[in-house]
Amino acid sequence: MRHAWNRLWWLVPSLLVAACGPSQEPVVSQEAPAEVGASTQSILYPPPVPASGNIVDSTAYLGPVGLNGAVQTQFTTNPQSLSFSFNVAAGARVSLEVTHLGSSMYLDTGLFIYGPKNASGSYGTTVLAQDDDAGYGQLSKVASLTLAQGGEYLAVVSTGTGAGKKFRLALGCLNGACAQDDLFTACDLDVATRIEVCDESVVETQQVTPAQALPQCTDAQDAHDAWLSQCAVSSGQKPWCANGEAAFTSRMWPVCKDFYRRYYGAGPLPLTELEDNDAINEARADGHARCKAGENSCDEFLWTFNVPSVADTQPTQLDWVVEGAFATLPELSSNQRVQFTRQPDLTYADFASRIAWAFPELGQVLPQELGNGTEVPVVAHLYDDPLVAAGAHDFHNLYIVYFPVSHRTAVFWLIQHEY
């Protein structure tokens with residue numbers, strides 16, 4: 001069953017500012033233009049280097065600009081530098097342009113790119129790319145800039161003579177690899193809403209269960225329609241749209257389907273294994289060496305997964321994550337010798353202290369590599385101690401660590417042997 005969707009998204013990007021820019025005289029740049037299409041004219045109005053070493057302090061910061069999006073504002077003083085941040089994945093190739101459309105006549109601008117922002121919040125003062133007049137008339141344009149590092153960058157638009165004039169800054173993605181990976185780990189809320197509304201409609205009109213209705217709302221055509229509703233719009237595209245429809249179809253759409261599979265009772269929550277992480281592997285190897293050197297040796301298994309969920313909503317239930325881990329891992333679900341029993345849930349501090357005798361590094365690194373740095377993980381604990389020989393047991397502790405904001409989980413199975 002197909003339902004028509006005609007959703008109009010309006011973006012109101014205008015930002016009214018009343019910021020005083022730094023006083024300076026126009027200078028002659030000694031640097032060659034950094035990017036394709038850079039101007040041969042060398043007179044620019046770069047923001048002065050501040051004592052803080054963070055170039056944003058010499059600008060009026062006006063907020064973020066989205067991939068394949070734009071912002072419009074106006075200068076209020078002469079000279080003035082206005083700045084905007086943008087986030088990209090490693091290897092992104094972008095374009096930035098002060099466009100003819102939306103900019104005042106006879107406006108002269110400069111354009112500068114800095115970053116990425118470091119751990120202390122500074123963009124530094126090194127110019128990655130700059131331009132004077134490569135755009136329309138005396139407007140600025142960086143036609144192609146490849147950013148090897150992922151993270152947050154700063155675009156600065158300056159003028160020496162444009163007080164009272166408007167401009168529009170547009171940010172484009174050129175290689176379909178601009179959106180950060182974490183944008184695909186959860187189902188976009190608007191995409192999820194489409195699935196729910198469709199499912200409810202099918203249930204009502206066909207008198208079937210939500211689980212029976214779900215396939216009619218999550219096929220290839222539904223995926224295409226969901227993509228168009230968020231990405232084939234003149235303004236207000238979601239950041240993840242920058243990577244193209246194929247990325248949405250192969251990465252986010254399965255997450256949406258998997259979440260609603262469990263939500264509507266069509267099956268357990270499928271977990272998707274994450275790529276190997278060097279820091280986690282190294283921490284596990286350190287602990288493994290201690291296990292084998294101890295009097296009572298041990299073994300361990302570790303898996304990391306993405307957890308299907310819906311962005312900007314309540315975290316997925318820990319019970320669902322546990323159920324999903326057993327459904328995903330035959331090592332757990334098909335093991336006839338070990339019958340795990342759920343124990344009281346643990347705090348992350350409790351979990352880290354219980355494994356610290358052999359795996360202190362693992363307890364430290366999991367939040368750094370799987371979490372966002374501030375979220376509070378929750379831990380399910382399961383246990384069994386089967387008899388393996390006369391007077392000897394194996395002690396099995398299974399820890400399922402769930403990061404509810406980053407939508408990731410670590411399944412850590414620690415086995416201590418009694419001799």
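The values are calculated or read from the model by the stated rules, or taken from the named source; none is laboratory data. Owing to the predicted nature of the structure, the values given are computational and were not obtained by experimental measurement. Glycine gets a Cβ as well: all are built from the backbone with ideal geometry, and neighbour counts include every protein chain shown. SASA here: full protein model, heavy atoms, side chains in, ligands and nucleic acids out. Shrake-Rupley method; radii C 1.70, N 1.55, O 1.52, S 1.80 Å.
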State, to one decimal in nm, how far the label point of Q336 lies from the label point of Q364, with both points 7 Å from Cα in the Cβ direction. 4.4 nm
Projected onto the charge dipole of the chain (+1 at Lys/Arg Cβ, -1 at Asp/Glu Cβ, origin at the Cα centre), which of L111, V49, A179 gives the Cα projection farthest towards the positive end? L111
Accessible-area order (highest first, 1.4 angstrom probe) of the listed residues D319, D276: D276, D319
Order of 249-256, 373-380 by packing, highest average Cβ count within 10 Å first? 249-256, 373-380
Label-to-label distance, nm, for residues given as T272 and A90 (7 Å Cα→Cβ offset): 1.9 nm
Note down the relative contact order for the chain as a percent, whole number, built from C-alpha pairs under 8 angstrom at least six residues apart. 14 percent
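Among rounded, prolate and oblate, which fits region 63-160 when a ≥ b ≥ c are the square roots of the eigenvalues of its C-alpha gyration tensor, a/c under 1.5 means rounded, and a/b larger than b/c means prolate?
Since a/c reaches 1.5 and a/b is larger than b/c, the shape of region 63-160 is classed as prolate.
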With a 10 Å radius around each residue's Cβ, average the other Cβ atoms per peptide and rank 223-232, 133-142, 399-408, highest first. 399-408, 133-142, 223-232
Distance from region 126-178 to region 383-418 (C-alpha centre basis), Å: 52 Å
Quick one: pull the percent of accessible area on region 126-204 belonging to carbon and sulfur, 1.4 Å probe, ligands and nucleic acids left out. 47 percent
For A92, the residues 5 or more places away or on another chain with a placed amide H closer than 5 Å to its own amide H are L147
For region 222-277, what is the Kirkwood hydrodynamic radius in Å, using each pair of distinct C-alpha atoms? 12.8 Å
Let me spell out the model: positive unit charges on the Cβ of Lys and Arg, negative unit charges on the Cβ of Asp and Glu, origin at the Cα centre of region 197-346. What dipole size does that give, in debye rounded to 20? 160 debye
Which length gain, in nm to one decimal place, applies between N118 and E282 when the Cα-Cα distance is subtracted from 0.36 nm times their residue separation? 56.6 nm
With R₀ set to 41 angstrom, the calculated FRET efficiency between the beta-carbons of A211 and T347, to the nearest 0.05, is 0.75
Restricting region 278-368 to GluC sites (Glu not before Pro) in coil, as DSSP defines it, with at most 10 other Cβ within 10 Å: E295
Give the residue list of trypsin sites (Lys or Arg not before Pro) in region 285-348 that are DSSP loop and have at most 10 other beta-carbon atoms within 10 angstrom. R337
Solvent-accessible area per residue for the chain (1.4 angstrom probe, square angstrom): 47 Å²
Listed by chain and number, the aspartates and glutamates with an alpha carbon less than 13 angstrom from that of K165, same-chain partners under 8 positions apart left out, are D108
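Highest first, please rank the peptides 198-206, 122-130 by the mean number of other Cβ atoms sitting within 10 Å of their residues.
Going by the mean number of other Cβ atoms within 10 Å, highest first, we get 122-130, 198-206.
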Cβ-Cβ FRET estimate between Q221 and L189, R0 fixed at 25 Å, reported to 0.05: 0.75
Only four residue types carry charge here, +1 at the Cβ of Lys and Arg and -1 at the Cβ of Asp and Glu. Report the dipole size of region 105-206 about the Cα centre in Debye, rounded to the nearest 20. 680 debye
If we restrict to alpha carbons, what Rg and Dmax does the chain come to, in Å? 26.7, 91
Which value in nm describes the separation of the simple spin-label points at Y106 and W357, placed 7 Å from the Cα toward the beta carbon? 8.1 nm
So what is the 222 nm mean residue ellipticity for the chain from helices alone, if each DSSP H run of at least 4 adds -39500 (n - 2.57) and you divide by all residues, rounding to the nearest 500 deg cm²/dmol? -7000 deg cm²/dmol
Region 324-398, accessible surface, carbon-and-sulfur percent (1.4 angstrom probe): 53 percent
